[in-house]
Amino acid sequence: PESLDKFSKVGGTIDLTIVTIERAKLAPIDEHLFEQCWGDAPIAPQEVPLEDQFKEKVRDSLHRYYKVVGQRLLQDELQSTLIDRCQISISEDWLSKQIDSALPHWRHEGNMDERRAQFAYNLKWSLILHNDAKKHSLAPTTEETMDAVKKHMNLSKNEVSREAFQDMYMKGARDAYEQKVTTFIKENITIEDTEVSCSELDTIGMRRNL
């Protein structure tokens, strides 16, 4: 790690003081631990050992977690592949004007190169979605749009203002369009499954910020 490399270059004598040593203690597998992990999840009758229930819950949670990570990875791979193959050209001057107009505060927040690249990436993906939706008549239904909007509303625990609702509606409408188009694309391409371990999937997910 970079911190160890810097540490190895420090000359002289270094005194380290150990303030405390903490060790993790394994918790007993009982109803208290079960409730801490899964809240009000029902516990099966006593003829089913609590440890077996706990293991089954862990397996179920991990299955759902890695299924979501896998779906996000597939979506990310799909976007990257389509953007690369479509080769959409965007003028740097035009891109700068769009950023200054839509997100003027970015100029004062640093990392402009990274932000510019992400803005261009999102813009190209939006153009692909719009083009495919128009070409294949893939507009989502009102019900599909509202279902997507409700998902954003459920993430908010506070009372939703008019402005917040408008923002959630725009995000939900985009999600509904994206879902409609990507589903159509997946149905018309060949997707090859690749078997990876959980640790490999975690590594890929962290590398792509999923």
- [ ] State which residue is nearest to MET170 (Cα to Cα) when the search covers only the stretch 115-152 and only residues that are among the hydroxyl-bearing types (Ser, Thr, Tyr) and assigned to a helix (DSSP H, G or I).
- [x] THR145
TODO: Answer yes or no as to whether GLU22 is modelled with pLDDT of 75 or more and farther than 21 Å from LEU62 by Cβ.
DONE: yes
Task: Unmet criterion (only one of (1) open to solvent by 50 Å² or more (accessible area, probe 1.4 Å); (2) at pLDDT 85 or above; (3) not β-branched (Val, Ile, Thr)) for ASP132 - done: (1)
Open item on the list: Need pairs with beta-carbon distance below 8 Å; first residue modelled with pLDDT of 80 or more and within the stretch 88-103, second surrounded by 11 or more Cβ atoms within 10 Å (Cβ to Cβ) and of a type in the set (Val, Ile, Thr); sequence gap 6+ or separate chains.
Closed with: ILE88/ILE128
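The values are calculated or read from the model by the stated rules, or taken from the named source; none is laboratory data. The structure displayed is predicted, hence computed values, not measured ones. Ideal geometry is used to build each Cβ from the backbone, glycine not excepted, and the neighbour counts take in all protein chains shown. Accessible surface areas use protein heavy atoms only, side chains included; no ligands, DNA or RNA. Shrake-Rupley method; radii C 1.70, N 1.55, O 1.52, S 1.80 Å.
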